Every structure is written in C-alpha cells, then in structure tokens.
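Asker: Got a structure for you, questions after.
The values are calculated or read from the model by the stated rules, or taken from the named source; none is laboratory data. Fair warning: this is a prediction, and the values are worked out from it, not measured in the lab. Cβ: placed from backbone, ideal geometry, glycine included. Neighbour counts: every protein chain shown. Surface areas here come from the heavy atoms of the whole protein model, side chains and all, with no ligands, DNA or RNA. Shrake-Rupley method; radii C 1.70, N 1.55, O 1.52, S 1.80 Å.
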Amino acid sequence: TAQSPADQSAQRRRVARPAEREESAFAPLIDWLMHGNLLLKTGVVVLFFGLAFLLRYVGSHLPLWFKYLAVFGAGIAAALAGEKLHTKNREYGLVLQGFGFGVMYLTALAALKLHRIAPAPLVFAVMLGAVAAMAALAVRRDAQIMAQFALAGGLAAPVLISDGSGNHVVLFAYLALLNTAVAWIAWHKAWRGLNITGFAGTFAIALSWGLRDYTAAHFATTEPFLLYHWPVSYTHLTLPT
C-alpha cells in the first residue's frame with residue numbers, strides 16, 4: 001500500500017536518527033577545532049612551543065631540574081589564570097585551563113622519558129592528578145571537550161610511561177577505575193563521545209596487551225576484569241544522548 005507523505009517523513013526521520021547520533025559523538029571536538037576564537041587557540045599553540053624551546057635551549061647553564069620546574073610552574077599559572085578568567089570569558093578560561101594541565105602532563109612525561117630526572121611512580125601520580133582535575137573541572141564547567149582530552153590523557157598515561165615490565169593486573173585495575181569514573185560521569189552528563197572514547201581506548205589497550213603478552217596462565221587474573229567491563233561498556237554505549 002502507498003504511504004502517506006506523513007508516514008514517509010516519519011520513516012526518513014527514523015532512518016536518519018542513528019547516523020545523527022554517531023555524528024554527535026565527535027561533534028564537540030570538531031566544533032571546538034573549527035569554531036570559537038581561533039586567534040586564542042593559535043596563541044596557545046605558539047606559547048606551548050615557546051615553553052618547549054625554553055626547556056630545550058634557553059639557559060644552558062641552569063640546572064635541568066630548574067627548567068623543568070619553571071615550565072611546570074607555567075602550566076600551574078595558566079590553569080589558575082583560566083580559573084580566574086572563566087567567570088569573565090568562558091572560552092578563554094577553558095582554553096587556558098586545558099593548556100595549563102596539558103603543559104603539566106607533558107612536562108612530567110618529558111622528565112621521565114627524555115631526561116630520566118623523575119621516577120615513574122611520581123610521574124604517573126602527577127599525570128593522573130592532572131587527568132582527575134581536568135575531568136572534575138569538565139563536569140563542573142559542563143565542558144565535554146575538556147573531559148575528552150582528560151580521558152585521552154588518562155588512557156595514554158600507563159602506555160606512555162610503561163617500560164614493558166609492568167604488572168598487567170595493575171594496568172587492568174587502573175583501566176577499570178578509569179572506566180568506572182566515565183560511567184559515573186555518563187549518569188550525570190549525556191556525553192556519548194566520552195563514552196565511546198572510554199570503550200575504544202580500553203579495547204585497544206587490552207587487545208594490544210593480549211596479542212603481545214597473553215598466555216593461558218593469565219586467564220584467572222584477566223577474566224574478572226573482562227566480566228567487569230561488560231556491564232560498564234554496556235552503560236557507556238546505551239545511555240541516552
């Protein structure tokens with residue numbers, strides 16, 4: 001039987017809706033990159049490279065640890081300035097805060113990977129603290145893009161500082177804790193892109209470890225985490241947008 005124009009319109013909306021949901025998952029990142037104050041974002045990128053130049057070339061007679069502390073302090077100052085500016089200009093505040101936390105995160109990583117002047121546990125604690133602070137601010141400010149960057153940093157942290165000799169139980173326990181936090185955020189914020197990032201990042205890290213290191217002897221210590229992540233992943237991917 002022929003459909004009325006109203007029925008045809010309703011069918012088109014039902015077909016289009018899933019595609020719209022998938023597109024909306026990454027819309028905050030695309031919107032942040034393509035819109036807003038591009039001059040401000042360009043200035044932040046230039047400032048970031050300036051700090052990298054300071055760390056590498058300026059003041060060769062200065063102790064290396066002093067230059068690292070100076071750059072790390074600049075990151076703290078940017079984050080605090082962003083907190084103060086947020087009430088006057090939301091975009092300025094969020095960009096400065098994200099920049100500040102990014103500087104702290106990457107400075108700690110460079111201290112471990114490039115010059116070996118900081119122990120791995122301390123670096124991991126600093127990186128995790130930066131991620132936690134960014135996530136808390138993202139929820140408080142209702143800023144999905146900051147939460148996305150925080151989660152990406154949290155997923156990258158154990159991979160970036162790993163020397164290949166780590167305990168897989170610690171790794172999976174960390175991922176379980178991280179995804180529990182994402183699931184908690186998902187109950188309060190309809191940020192589907194964040195949920196997908198958590199699921200995809202956890203899957204990629206676990207698959208990489210499994211293909212490289214898994215043996216039958218690891219079954220008892222990995223299966224509980226697999227069973228735990230099933231309901232968490234279901235929560236990530238099925239909560240309404």
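Asker: Residue by residue through region 102-117, note down the ones that are in a loop (DSSP other than H, G, I, E, B) and in contact (Cβ under 8 Å) with a residue 24 or more places away in the chain.
Answerer: The answer is 115, 117.
Asker: If you check every pair at least six apart or on different chains, which have Cβ atoms under 8 Å apart with a residue in region 86-97 that is within 18 Å of residue 75 (Cα to Cα) and touching a residue at least 24 places away in the same chain (Cβ under 8 Å) first and a residue that is surrounded by 14 or more Cβ atoms within 10 Å (Cβ to Cβ) and of a type in the set (Phe, Trp, Tyr) second?
Answerer: Every condition considered, the pairs that remain are 86/92.
Asker: With 102, 129 as the choices, which residue is crowded, with 16+ Cβ neighbours inside 10 Å and modelled with pLDDT of 80 or more?
Answerer: 102
Asker: Being hydroxyl-bearing (Ser, Thr, Tyr) and either exposed (fewer than 12 other Cβ atoms within 10 Å of the Cβ) or over 15 Å from residue 153 (Cα atoms) (or both) is the filter here, so list the residues in region 176-228 that pass it. Steps first, please.
Answerer: Initial filter on region 176-228 (hydroxyl-bearing (Ser, Thr, Tyr)): 180, 197, 202, 208, 214-215, 221-222, 228.
Listed by number, the residues that qualify are 180, 208, 214, 215, 221, 222, 228.
Asker: For a quick check of your reading of the model, give me the residue pairs whose first member lies in region 136-164 and is closer than 23 Å to residue 114 by Cβ, whose second is buried (at least 19 other Cβ atoms within 10 Å of the Cβ) and of a type outside the set (A, V, I, L, M, F, W, C), with beta-carbon atoms closer than 6 Å and at least 6 apart or on different chains.
Answerer: 153/105; 155/201
Asker: Go through the residues of region 162-175 one by one and say whether even a single one is open to solvent by 20 Å² or more (accessible area, probe 1.4 Å) and under 15 Å from the mean Cα position of the chain (by Cα).
Answerer: Yes.
Asker: So the check is Cβ under 9 Å with 6+ separation or different chains; which pairs have a first residue in region 204-230 that's polar (S, T, N, Q) and a second one that's open to solvent by 70 Å² or more (accessible area, probe 1.4 Å)?
Answerer: Close Cβ pairs (under 9 Å, with a partner that is open to solvent by 70 Å² or more (accessible area, probe 1.4 Å)) amount to 208/159; 222/214.
Asker: For region 147-154, does any single residue satisfy the condition of being more than 11 Å from the chain's Cα centre (by Cα), at pLDDT 85 or above and in a helix (DSSP H, G or I)?
Answerer: No, the conditions are met nowhere in region 147-154.
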